[in-house]
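A.B. asks: To start, I am sharing the structure in question, which I have written as structure tokens.
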Amino acid sequence: MRRIGIALGAGVVAFILASCGTTEPTATLPAPEVTVAVADSGVSLVLSWSPVDGAKGYKVECDGQVIADLPDTATMYKINGNEYVCKNVKLRGYDNKGNMGDAYEKDLTMHETNLTIYSTDDTIATNPSWVKIDFTNFIVSPITQGNVDTTANNVGYFVYYYDDVLGIRYFKDASQTSVGQAKVEIAFTDPTTDVLAPSTGYSLMSAEVNTGDRFIFWADDVNNGTYGAFDEADNFGVIKVNSASGTEANITVYIQKVGGLRWVKE
């Protein structure tokens, strides 16, 4: 009986070995080569790509969620910001077995800067009331009025202004002050939770600033594109008021780095 048991065991092993063929490794599809464009006055982001050899379809992801499953003939997809506003977009092909290929990835995370500013009625002259935004390098700096340079290209300024008539504090574009218009004009919405910058409702002076407020801004390039209209020379962003007490305000400025795109999701 011992020998029969051994024989049966060996037979089972042989059967298993015979049944396990060698599996050929599946080659991963390469990431698509993608061109990105802004459309619909900044509402939409369009992905265009060349066909990927071996792809039987493509999937588009917004912040990790699949929002489109496309056929192998697809070479373009428009993400409509009225439906989806993303911080991260991916596109990848898949083969006839459903194996996912490498992803093209577009990072749409807004540039973020935290800073403290002081309203114009602050008694310490060296405390900065102005904010300078360099839209070429996405550098946001608190400065005093003496450091405002309205001749600098692709730079905008706003001031944390105290209105002694109304007794309130608000943000004001440089063009509404004695320093004059900068090369980029900054206009503000009323406080909002929207993640798609609106098509209307901007003002060169914001509403009263309070803790917890969130303003969307439109940075309109005066020299490039069409002044007074949305285009890819412009930028959109958010000013989040973390705290506002007395003359001091702590704010976070977010800037969408893709020119003309109105997606402002922090």
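The values are calculated or read from the model by the stated rules, or taken from the named source; none is laboratory data. Only a predicted model underlies this, so the values are computations on that prediction, with no experimental measurement involved. Cβ: placed from backbone, ideal geometry, glycine included. Neighbour counts: every protein chain shown.
A.B. asks: If you check every pair at least six apart or on different chains, which have Cβ atoms under 9 Å apart with a residue in the range 137-148 that is assigned to a loop (DSSP other than H, G, I, E, B) first and a residue that is among the β-branched types (V, I, T) second?
C.D. replies: From residues that are assigned to a loop (DSSP other than H, G, I, E, B), the pairs are F138/T113; F138/I255; T144/T126; V148/V159; V148/T177; V148/V179.
A.B. asks: Right, something else. Please list, ordered by first then second residue, the pairs with beta carbon atoms under 9 Å, 6 or more apart or interchain, first in the range 240-259 and closer than 30 Å to K106 by Cα and touching a residue at least 12 places away in the same chain (Cβ under 8 Å), second among the acidic types (D, E) and in a strand (DSSP E or B).
C.D. replies: Going by the 9 Å Cβ cut-off, the qualifying pairs are T252/E112; V253/E112; Y254/E112; I255/E112; K257/D107; G259/D221.
A.B. asks: Looking only at the range 169-205, how many residues end up being aromatic (F, W, Y) and in a loop (DSSP other than H, G, I, E, B)?
C.D. replies: Looking only at that region, the number is 1.
A.B. asks: Follow-up question, since we're still on this one. Can you pull out every residue in the range 49-76 that is part of a loop (DSSP other than H, G, I, E, B), farther than 15 Å from K97 by Cα and small (G, A, S)?
C.D. replies: S50, G64, A74 - these are the residues of the range 49-76 that are part of a loop (DSSP other than H, G, I, E, B), farther than 15 Å from K97 by Cα and small (G, A, S).
A.B. asks: So, of the residues in the range 226-264 that are acidic (D, E) and under 17 Å from the mean Cα position of the chain (by Cα), which turns out to be surrounded by the fewest Cβ atoms within 10 Å (Cβ to Cβ)?
C.D. replies: E232
A.B. asks: Take the range 77-98 and flag every residue that is among the aromatic types (F, W, Y) and outside any strand (DSSP E or B).
C.D. replies: Y84
A.B. asks: Give the residues of the range 69-108 that are hydroxyl-bearing (S, T, Y) and within 26 Å of D194 (Cα to Cα), sorted by residue number.
C.D. replies: Answer for the range 69-108, where residues must be hydroxyl-bearing (S, T, Y) and within 26 Å of D194 (Cα to Cα): Y77, Y84.
A.B. asks: Also, I was wondering about something else. Please enumerate the residues belonging to the range 42-93 that are small (G, A, S) and either loosely packed, with under 14 Cβ neighbours inside 10 Å or touching a helix residue (DSSP H, G or I) at 6+ places or on another chain (Cβ under 6 Å) (or both).
C.D. replies: S50, G64
A.B. asks: Condition first: within 18 Å of Y170 (Cβ to Cβ) and part of a loop (DSSP other than H, G, I, E, B). Now tell me which residues in the range 108-127 satisfy that.
C.D. replies: S119, T120, D121, D122, N127, listed by residue number.
A.B. asks: Assuming V131 fulfils every condition listed in (1) within 25 Å of K265 (Cβ to Cβ); (2) of a type in the set (V, I, T); (3) without any contact (Cβ under 8 Å) to a residue 60 or more places away in the chain apart from one, which condition is it?
C.D. replies: Answer for V131: the failing condition is (3).
A.B. asks: Hey, does the range 92-103 have a residue that's among the hydroxyl-bearing types (S, T, Y) and either more than 30 Å from A187 (Cβ to Cβ) or outside the structural domain of V241 (by TED's automatic domain parsing) (or both)?
C.D. replies: Scanning the range 92-103 turns up at least one residue that is among the hydroxyl-bearing types (S, T, Y) and either more than 30 Å from A187 (Cβ to Cβ) or outside the structural domain of V241 (by TED's automatic domain parsing) (or both).
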